[in-house]
Amino acid sequence: MRRIRVIGIGPGDPDQVTLEAVAAMHSVAYFVVADKGPDDPLLEARRELLKRHVGSAAQVVAVRDPERDRADPADYRGAVSDWHEARAEAYERVILQQPGDVGFLVWGDPAFYDSTIRIVERVLARGNVEAEWDVIPGISSLQLLAARHRIVLHEIGQPITVTTARKLREAVDAGADNILVMLSARIDLDGFDEWHIWWGANLGTEHERLVAGPVADVAAEIDEARAATKADAGWVMDAYLLRR
Ligand SMILES: C[S@@+](CC[C@H](N)C(=O)[O-])C[C@H]1O[C@@H](n2cnc3c(N)ncnc32)[C@H](O)[C@@H]1O
């Protein structure tokens with residue numbers, strides 16, 4: 001039976017790929033990766049990673065990411081669901097055309113804010129592809145954030161909330177006081193003056209930047225560091241821990 005392997009590749013540094021992930025990369029016939037448009041930096045990063053761990057003969061099928069309908073922000077879940085179905089159809093087409101085991105390279109760990117697992121489930125649910133599938137964990141950007149700042153992500157015996165920038169206020173209103181934030185289009189720290197922040201951008205890459213301190217003291221520095229990272233690297237992805 002064919003195999004589909006969802007492989008976590010860590011947040012950018014080819015040294016932060018597990019031995020299990022490398023073995024999985026060697027076990028598949030080709031890789032399906034989402035192509036988010038011209039000069040997609042993550043597509044290039046994945047190619048580099050494959051060159052390093054598999055060799056330049058690794059076969060990559062870049063699948064142009066279908067457009068997501070952003071017209072109705074109120075129906076976020078509906079729009080994402082349609083988008084996932086469109087991606088599932090696109091991946092299914094490739095898998096049906098090309099024989100052999102398939103690898104999906106997932107940034108960071110597949111369990112955090114990534115839909116590859118859901119999309120593979122959709123591909124299989126459509127009933128046209130028959131395959132076994134598994135998931136290889138990767139180092140998440142959240143783990144690397146903690147390591148770089150040399151912190152434990154929670155206080156002794158206390159909980160941690162992981163959320164998106166879009167849902168940050170909701171988490172605070174619900175009483176969360178130790179919050180990891182991902183997927184920020186911009187950083188809005190208004191109202192967090194009493195909090196401490198540990199922030200990191202482009203972790204594991206040559207353009208990595210870190211800032212930590214009381215929000216009131218470092219908010220402006222984070223804005224500047226974020227803009228500088230984008231200017232230097234051409235892209236910015238950041239994650240941060242906010243603790244009251
Ligand atoms: C689509 S999510 C994928 C998360 C990924 N699965 C993980 O485990 O890190 C993308 C978000 O992850 C965070 N992220 C991913 N890679 C990062 C990196 N190298 N440095 C900082 N944040 C990163 C950012 O919050 C970014 O907006």
Please list, in order along region 76-84, the HN-Hα scalar couplings obtained from phi with the Karplus expression 6.51 cos²θ - 1.76 cosθ + 1.60 (θ = phi - 60°), rounded to whole Hz, x for Gly and Pro. 4, 5, x, 5, 5, 4, 4, 5, 4
Tell me, what is the per residue accessible area of the chain in Å², probe radius 1.4 Å? 52
Normalised radius of gyration for region 185-244, please: alpha carbon Rg relative to 2.2 N^0.38 Å, two decimal places. 1.06
Which value, to two decimals, describes the C-alpha radius of gyration of the chain once divided by 2.2 N^0.38 Å? 1.07
Residues whose built amide H sits under 5 Å from the amide H of Phe31, excluding neighbours closer than 5 in sequence, are Gln59, Val60, Val61, Gly103
Pulled fully out, how much extra length does the chain show between Ala23 and Glu44, if you take 0.36 nm times their separation in residues and subtract their Cα-Cα distance? 5.5 nm
So how much slack lies between Glu130 and Tyr76, counting 0.36 nm per residue of separation and subtracting their Cα-Cα distance, in nm? 16.4 nm
Between region 207-244 and region 106-152, the alpha-carbon center distance in angstrom: 25
If I take every Cα pair under 8 Å that is 6 or more residues apart in region 141-243, average their sequence separation and divide by the length, what percent do I get for the relative contact order? 31
Could you work out what % of the accessible surface of the chain is carbon and sulfur, using a 1.4 angstrom probe and leaving DNA, RNA and ligands out of the count? 48
Amide H neighbours of Gly12 under 5 Å, counting only residues 5+ apart in sequence or on other chains, H built in-plane at 1.01 Å? Gly108
Sequence ranges 113-126, 134-147, ranked by mean other-Cβ count within 10 angstrom, highest first: 134-147, 113-126
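The values are calculated or read from the model by the stated rules, or taken from the named source; none is laboratory data. Note that the structure is predicted; figures quoted are calculated from it, not measured. A quick note on method: Cβ atoms are made from the backbone with ideal geometry, for glycine too, and the neighbour counts reach across all protein chains shown. All accessible areas refer to the heavy atoms of the entire protein, side chains included, with ligands and DNA or RNA removed. Shrake-Rupley method; radii C 1.70, N 1.55, O 1.52, S 1.80 Å.
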